Amino acid sequence: MAYPDDLLSSGEHVVIHKHPHWKMLIFPVFWLLVVVALGTYLAGLVVDQSWASIAWIALAVIGVVLILWLTIAPVVRWRTTHFIITSDRVMYREGVFKRTGLDIPLARVNSVRFEHSLMDRVLGCGTLIIESASDEPLEFDDIPSVEKVHTMLYREVNDNPDDDFHPRTLDGRA
């Protein structure tokens, strides 16, 4: 899914567009399963009671609220978080109701590095750290394929057309 073109300046194009790694969805899915299992178990306990229909309505309302809070909200937050590298800048957008954005012009990026633990390496994600003209380095957690993103960002920052790979023919010409 490409980032909306109307938010880009003229001549700017998207190089990379990522959402946070799917590992952020592990706990929301876990809570969905727990709420459904617990709700089903409790509904089964009250099936023979005279007030069972009232208990089922209460369990359904509590279950819906818990699923909205513990599952749907994190999934929507994950889906509306964007890490974008364009030909001119690094953009980070997050939030649903309170939207937050950060733009770093590529000309201001001093260095780029990444970190990932053993578990991050197994899952294929990591933390991208960008040092720019600001005082503090900016850390972006749970970036999928962080090494590729690191390499692409480094190439965009240090874009020199003379260092691009040009395959040679058999006679040595480009």
ask   = Which one of these does D103 not meet: (1) closer than 30 Å to S10 by Cα; (2) open to solvent by less than 60 Å² (accessible area, probe 1.4 Å)?
value = (2)
task = Tell me which residues, restricted to the range 115-161, are closer than 21 Å to R77 by Cα and aromatic (F, W, Y).
result = F140
note = In the range 114-147, anything surrounded by 14 or more Cβ atoms within 10 Å (Cβ to Cβ) and among the charged types (D, E, K, R) is listed as D120, E131, D141, D142, E147
task = Check the range 152-174 and report whether any residue there is modelled with pLDDT of 90 or more and assigned to a loop (DSSP other than H, G, I, E, B).
result = no
query = Residue check: is T86 open to solvent by less than 30 Å² (accessible area, probe 1.4 Å), on the phi < 0 side of the Ramachandran plot, over 15 Å from the mean Cα position of the chain (by Cα) and of a type outside the set (A, V, I, L, M, F, W, C)?
reply = yes
Residue that is modelled with the lowest pLDDT [pool: residues in the range 102-151 that are in a strand (DSSP E or B) and among the small types (G, A, S)] = S132
Filtered residues of the range 29-77 (kept if under 30 Å from R99 (Cα atoms) and exposed (fewer than 12 other Cβ atoms within 10 Å of the Cβ)) = L33, V61, V65, L68
key: Answer residue from the range 89-100, given it is open to solvent by less than 20 Å² (accessible area, probe 1.4 Å) and at pLDDT 90 or above and is nearest to V149 (Cα to Cα) among those   = V90
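The values are calculated or read from the model by the stated rules, or taken from the named source; none is laboratory data. Note that the structure is a prediction, hence the values are computed from the model and not measured. Note: ideal-geometry Cβ built from the backbone for every residue, glycine included; neighbour counts use all protein chains shown. All accessible areas refer to the heavy atoms of the entire protein, side chains included, with ligands and DNA or RNA removed. Shrake-Rupley method; radii C 1.70, N 1.55, O 1.52, S 1.80 Å.
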